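J.: One structure, pasted below without further comment.
The values are calculated or read from the model by the stated rules, or taken from the named source; none is laboratory data. The structure displayed is predicted, hence computed values, not measured ones. Here the Cβ is made from the backbone with ideal geometry for all residues, glycine too, and neighbour counts use every protein chain on show. Ligands, DNA and RNA are stripped out before the accessible areas are found, and what is left, the full protein with its side chains, is counted by its heavy atoms. Shrake-Rupley method; radii C 1.70, N 1.55, O 1.52, S 1.80 Å.
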Amino acid sequence: MDLGIAGKTALVCASSKGLGRGCAEALAEAGCNLVMNARGAEALEETAAAIRATYGVEVTTVVADIVSEDGRAQVLEVARGADILVTNAGGPPPGHWSDWDRTDFLKALDGNMLTPIALMQALLPGMMERGWGRVVNITSRSVKAPILQLGLSNSARAGLTGFVAGTSRQVAEKGVTINNLLPGVHETDRIVQMDRHESEKTGRPIPEISAERAAGIPTREYGQAADFGRMCAYLCSVHARFIVGQNIVLDGGETLATI
Ligand code: NAP
């Protein structure tokens, strides 16, 4: 299928690895030029070079912390006229509900709520003026059903979801759609780290923990970033103009919910 977005410019935040990289690759495959970002230069430059070589699109890299005001300013300087915005950043650490203080919550809110909101506030006006735009926020299945050890994520992402629910309905008449993608367990560094955390906590070997986690997913396997990225590219396509303010769960059916 031709997604109809060749030649558009996409800002994909936090995209040197994992789900962000999956989205960047799929958008590049659709012919988008990219602005990619991460804090670590080495992985970012490697990924950018691989994407240029494979898809022949223009890729500009910005090494910056997207959660900091300075970092965001550096990214926006380069991506000011972007047609497509994919927001992403690292997720908050796991723990127990009684562990976290105000500073922990503010950090989680900064990373997983206020940063995507700031990016949307910066780029939506230009998209609306040009009469076309797409925003996809990478959130989590924890928005649909809480993940008990991820209270910081449950809280911060719920706030972002509320913002998107209202804002998406206010910008759609200008040809701009905003939607959220809610990943379940995908095979990325983040999940390896979660499995390691569980292993340290329980003393059980990592492969046993991963196998048990996979067994709890109806597909009996972890998701892949490349598949996740293709759904993102579809939401950014010309064909997705009627999909507005939705929360699309990609979790192999793990979340037990009827709708
Ligand atoms: P990942 O494999 O650890 O990759 C994270 C990427 O984001 C890396 O490229 C990292 O590069 C970059 N990054 C992290 N913090 C950043 C920051 N402050 N500024 C700029 N770049 C940053 O993680 P992932 O699994 O793709 O997860 C992406 C998001 O989806 C996270 O918020 C995670 O909580 C959420 N999620 C993931 C899963 C899953 O199963 N994987 C499930 C639910 C939700 P640098 O470290 O070099 O900056």
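J.: Using 7 Å Cα-to-Cβ label points, what is the T219/H239 separation (nm, one decimal)?
T.: Output for this residue pair reads 1.8 nm.
J.: Return the calculated 222 nm mean residue ellipticity for the chain, to the nearest 500 deg cm²/dmol, obtained by summing -39500 (n - 2.57) across DSSP H runs with n ≥ 4 and dividing by the residue count.
T.: Helices in the chain give a 222 nm mean residue ellipticity of -14500 deg cm²/dmol.
J.: Could you tell me the accessible area of F163 in Å² (1.4 Å probe, neighbours in place), rounded to the nearest ten?
T.: The value for F163 is about 60 Å².
J.: Also, quick follow-up: Subtracting the Cα-Cα distance from 0.36 nm times the residue separation, let me have the gained length for A49 to E69 in nm, one decimal.
T.: Full-extension gain reported as 4.5 nm.
J.: Put a dot 7 Å past each Cα toward the Cβ at E173 and I248; how far apart are the dots in nm?
T.: Rounded to a tenth, the inter-label distance reads 2.6 nm.
J.: To continue, here is another question. Hand me the GluC sites (Glu not before Pro) from the stretch 46-87 located in a DSSP loop with no more than 16 other Cβ atoms within 10 Å, in residue order please.
T.: Filter output for the stretch 46-87: E58.
J.: Check cross-link reach from K174 to the lysines: straight Cα distance under 20 Å, and skip same-chain residues fewer than eight apart.
T.: Counting by Cα, and skipping residues close in sequence, K174 has these lysines nearby: K8.
J.: Also, I was wondering about something else. Before anything else, pin down the relative contact order of the chain: Cα pairs under 8 Å, at least 6 apart, normalised by residue count, whole percent.
T.: 22 percent
J.: Hydropathy at least -0.5 by Kyte-Doolittle, axial extent at least 18 angstrom from the Cα trace: which helices of the chain, defined as entire DSSP H runs, fit?
T.: Span-like helices in the chain: 41-55, 115-130, 151-171.
J.: Go through the cysteines of the chain and tell me which have no other cysteine Cβ under 4.7 Å away.
T.: C13, C32, C236
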